[in-house]
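Contents: one structure, followed by commentary.
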Amino acid sequence: MNVRRFNEKDTKKVVNLIHKTLRTVNIKDYTKNDMEKLCRKITGKMIDERAKHFHCYVITDKDKIVGVRSIGQYWNVPNETSFFNVFADSNCIGKGIGKLIISTLESDEIYKNSIRVEIPASITAVEFYKHMGFGFKKGKDINGNDVFGNITDSEGEYRMEKYPKKEYDNSSKIQYNMRPYINNEYHDYYNFIYGFKKLYYAEKGLFKNFINNNINNLMIIRLNDEDIGFYNGKDFDSSTYEIEDIYLLPEYQRKGIGTQVINDIIEKNKYKSVKVNCPKTNDVEMFFEKLGFTYYGDTKDYFKMIRKSTISEEEFNHLVDKLIEKDKKDELIQLISTCPDYHFDNVFDYFLDGKDSQKDINYLINFLNMNYDLLRRYHIKSSVVVDKLIKTKSKEYIKEFLKSDELYFLNDEEKAKLREYIKH
């Protein structure tokens, strides 16, 4: 096999190789719809554009392209690198081509000058990258958002990293990873989960309803290429996340894996309270107590426990202030939906001081409706809202404001007061 730099004559063959790999190899871990959507995204134009900015290589076998990969700077961060578009022909898998691809990238001058390398890894390739010394990323992304590289993201990929200048293997034999539920000829996760839940679903029909109702929330817990359990959780409301199920095979219990999973869930939802239902049939109540959960009720089959958000008011207000400073209205709305205490007036004034009239009116109305309970809880009378609107001295703004049919936080008398102000 030979290695050379990509040239524009390779474009069509590279696209065909990537599409073939997605449809014959990655299809084992993703739906057909997922793979077809990705194939539509990966075009010749995209490949050519990347070749302008990255170092792109192909591997050939008797003039046939059997491998492709690229390396480039990680979001223009000095001395940090990313691998992109790493694919091998399905007929060549298991013949050392994967290692040749990685060794080629690690011989590139960009890699040699790097202190950290990141790669978006497919579910299909994650174990290969672990063998190549990559571990799951934990920390922040380029925008300051929390990253849990061991849990697949919205694109169905893990975030993995490696530190070339450090003399150690960044992968870990005790670090779990989670992937979305799928049921196909390669993965019988339907019966895998039923093995844990059959005590509660003697009738398979009821279990099928359970799968269908939770299919977007079910995650398979894995360790070193083995399926070891499953997880099921979702947002209960704007301020609470609920863990409905977490199960591990007996041989993987009491090894710290369950603690890792729950701590990651708590951290991912650190601005929210986290609820959990503990089955009365097994002794897990003490496990959750050690992680900060407290009992608040029970049902026929479950103890109900909750862990309230531990973020301080000072920390929360600092985040609110930073989002106001950066004018991140959508992120601010999402953050304050968790409803811990915060400086209501500061946020109210920020939304009231919008420059894009109709759009900012919608933000303000959304914010006030979201905080209707908070207004009552802290005895902030809705008349204060009216007074603040009048102080803007913008009759046009108030006129547009009153056009909304979602002013749930104002009573008829207060609406009449605003209409009267517009007339004079």
Could you say whether any residue in segment 206-227 is at pLDDT below 95, touching a strand residue (DSSP E or B) at 6+ places or on another chain (Cβ under 9 Å) and either under 19 Å from residue 174 (Cβ atoms) or in a loop (DSSP other than H, G, I, E, B) (or both)? no
If you go through segment 103-141, how many residues are of a type in the set (Phe, Trp, Tyr) and within 16 Å of residue 68 (Cβ to Cβ)? 1
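Just for segment 131-187: of the residues that are in a strand (DSSP E or B) and among the β-branched types (Val, Ile, Thr), which one is farthest from residue 26 (Cα to Cα)? Reasoning before the result, please.
In the first step, residues of segment 131-187 are kept if they are in a strand (DSSP E or B); the result is 135-136, 138-140, 146-148, 151, 157-162, 177-180, 183.
Narrowing the set further to residues that are among the β-branched types (Val, Ile, Thr) leaves 147, 151.
Values: 147: 23, 151: 18 Å.
Per the criteria, the residue is 147.
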Counted residues, segment 109-118 - those being surrounded by fewer than 19 Cβ atoms within 10 Å (Cβ to Cβ), in a loop (DSSP other than H, G, I, E, B) and not aliphatic (A, V, I, L, M): 1
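Just to be sure, is residue 58 surrounded by 17 or more Cβ atoms within 10 Å (Cβ to Cβ), at pLDDT 95 or above and either farther than 21 Å from residue 161 by Cα or outside the structural domain of residue 135 (by TED's automatic domain parsing) (or both)? Before you say what the answer is, go through the steps one by one.
Numbers: surrounded by 17 or more Cβ atoms within 10 Å (Cβ to Cβ): yes; at pLDDT 95 or above: yes; either farther than 21 Å from residue 161 by Cα or outside the structural domain of residue 135 (by TED's automatic domain parsing) (or both): yes.
Criteria met by residue 58.
Could you list all residues from segment 104-120 that are more than 20 Å from residue 59 (Cα to Cα) and under 24 Å from the mean Cα position of the chain (by Cα)?
So the first thing to find is which residues in segment 104-120 are more than 20 Å from residue 59 (Cα to Cα), and the list is 112-118, 120.
Result: 116, 117, 118, 120.
Condition test on residue 164, is it surrounded by fewer than 19 Cβ atoms within 10 Å (Cβ to Cβ), outside the structural domain of residue 221 (by TED's automatic domain parsing), at pLDDT 95 or above and under 30 Å from residue 261 (Cα atoms)?
Values: surrounded by fewer than 19 Cβ atoms within 10 Å (Cβ to Cβ): yes; outside the structural domain of residue 221 (by TED's automatic domain parsing): yes; at pLDDT 95 or above: no; under 30 Å from residue 261 (Cα atoms): yes.
Answer is no for this residue.
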Could you list, in sequence order, all residues of segment 228-241 that are at pLDDT 95 or above and of a type in the set (Phe, Trp, Tyr)? 230, 231
Wholly within segment 1-87, which helices (runs of 4 or more DSSP H) include no fewer than the required count, namely at least 1 residues that are more than 21 Å from residue 108 (Cα to Cα) and in contact with a strand residue (DSSP E or B) (Cβ under 7 Å, 6 or more places away or on another chain)? 11-24
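Restricting attention to segment 250-272, report how many residues are under 17 Å from residue 235 (Cβ atoms) and not in a loop (DSSP other than H, G, I, E, B).
Taking segment 250-272 and keeping what is under 17 Å from residue 235 (Cβ atoms), we get 262, 264-272.
Within this subset, residues satisfying the condition of being not in a loop (DSSP other than H, G, I, E, B) are 262, 264-268.
Looking only at that region, the number is 6.
Give 67, 44, 72 a once-over and let me know the one that is in contact with a Leu (Cβ under 8 Å, 6 or more places away or on another chain) and either more than 18 Å from residue 4 (Cβ to Cβ) or not hydrophobic (A, V, I, L, M, F, W, C) (or both). Before you say what the answer is, go through the steps one by one.
Working: 44 fails: in contact with a Leu (Cβ under 8 Å, 6 or more places away or on another chain); 72 fails: in contact with a Leu (Cβ under 8 Å, 6 or more places away or on another chain).
Criteria check complete, one pass: 67.
Could you pull out the residue among 181, 201 that is surrounded by 15 or more Cβ atoms within 10 Å (Cβ to Cβ) and at pLDDT below 95?
Going through 181, 201 in turn, just one is surrounded by 15 or more Cβ atoms within 10 Å (Cβ to Cβ) and at pLDDT below 95: 201.
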Search result, residues across segment 273-305 that are in a strand (DSSP E or B) and either among the β-branched types (Val, Ile, Thr) or under 18 Å from residue 200 (Cβ atoms) (or both): 274, 276, 277, 278, 279, 294, 298, 302, 303, 304
Has segment 373-382 got at least one residue that is at pLDDT below 75, touching a Ser or Thr at 6+ places or on another chain (Cβ under 9 Å) and not in a helix (DSSP H, G or I)? no
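The values are calculated or read from the model by the stated rules, or taken from the named source; none is laboratory data. These numbers were taken from a predicted model, which means no experiment stands behind them. Ideal geometry is used to build each Cβ from the backbone, glycine not excepted, and the neighbour counts take in all protein chains shown.
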